[in-house]
Every structure is written in structure tokens, then in C-alpha cells.
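The values are calculated or read from the model by the stated rules, or taken from the named source; none is laboratory data. Model, not experiment: these values are computed from the prediction. All Cβ positions, even for glycine, are placed from backbone atoms using ideal geometry, and neighbour counts span all protein chains on display. Side chains are part of the model used for accessible areas, which takes the heavy atoms of the whole protein and leaves out ligands, DNA and RNA. Shrake-Rupley method; radii C 1.70, N 1.55, O 1.52, S 1.80 Å.
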Amino acid sequence: MTGRTVIFVQGAAPGALRAAGACALAAVAMDQRVDVFLTGPAVAAVVAAHDGEADEPAGLLQQARREGARLVACSASVVEQKVALGEAEAALDAVVGWPTILEWSRGVVDRFSF
């Protein structure tokens with residue numbers, strides 16, 4: 001891998017989810033290590049898209065996961081959004097707290113927020 005890209009996704013607006021998914025897919029195609037950190041309503045949207053179609057807005061992020069991106073949810077958002085932990089663990093690569101998110105994104109220059 002040539003570098004790292006970090007993407008933060010907070011909202012569940014279709015445009016934001018599509019843009020985040022397109023960004024993640026492009027970075028994976030460029031042989032980047034891609035970490036997508038989900039907070040707020042984005043957590044529920046991406047978990048719900050786990051078994052859905054790739055053309056759904058959040059489905060692009062699940063497609064990026066299948067291509068090699070890592071989807072990580074904030075544990076507080078999982079609770080706040082009332083997402084079942086088992087569903088989150090099946091649809092995502094990790095559920096972690098803010099200290100871990102900060103550590104895993106430390107020093108990454110290529111950061112995007114949607």
C-alpha cells in the first residue's frame with residue numbers, strides 16, 4: 001500500500017453517503033489503506049446497507065469494505081442510534097471508542113469528512 005486515507009462520515013444524507021463511498025472506492029483503487037469512521041446517523045445507515053444493493057447511497061461504503069476499506073463505528077453512536085451490537089459487528093470491521101478513533105487516525109494527512 002502506498003498511503004492512508006481517513007474518511008469521517010457523520011450524516012445519513014444520500015449525497016454525503018454517496019460522496020463518502022465514492023471517495024473510499026477511489027482511495028482503495030489507488031492502493032491506499034482506507035479507514036472510514038462512522039458516527040451519528042451514518043452508523044445506522046451503513047449497517048442497514050450491509051445486505052443491500054451497492055447502488056444505495058450507504059451501499060457504496062459496503063462495496064468499499066468488500067474492496068478493502070475498513071468500516072469503523074463509534075461505540076457511543078451505536079448506542080445512541082439504537083443499532084444492535086451484533087448487527088453492527090456483522091456489518092462493520094470494528095466498533096470502538098473515541099480514544100481508538102483518534103489513535104487509528106493519528107498522523108494521516110489525507111482526511112475527508114462527509
Accessible area expressed per residue, the range 16-114, with surrounding protein chains retained (probe 1.4 Å, Å²):
49
Could you work out the Kirkwood radius for the range 7-74, taking every pair of different alpha carbons, averaging 1/r and inverting it, reported in Å?
11.2
Between beta-carbons, use under 13 Å as the cut-off and find the net charge around ARG70, counting Lys and Arg +1, Asp and Glu -1.
+1
Hey, could you grab the Kirkwood Rh for the chain? Inverse mean 1/r over distinct alpha carbon pairs, Å, one decimal.
13.5
Would you kindly derive the ³J(HN,Hα) couplings of the range 8-13 from the backbone phi angles with the Karplus curve 6.51 cos²θ - 1.76 cosθ + 1.60 (θ = phi - 60°), listing them in order in whole Hz, with x for Gly and Pro?
9, 10, 10, x, 10, 5
Which cross-chain or sequence-distant (5 or more) residues have an amide H under 5 Å from the amide H of ARG70, H modelled 1.01 Å from N in plane?
VAL34, ASP35, VAL36
Expressed as a percent, the accessible surface of the chain that is carbon or sulfur, using a 1.4 Å probe and the full set of protein chains, is 56
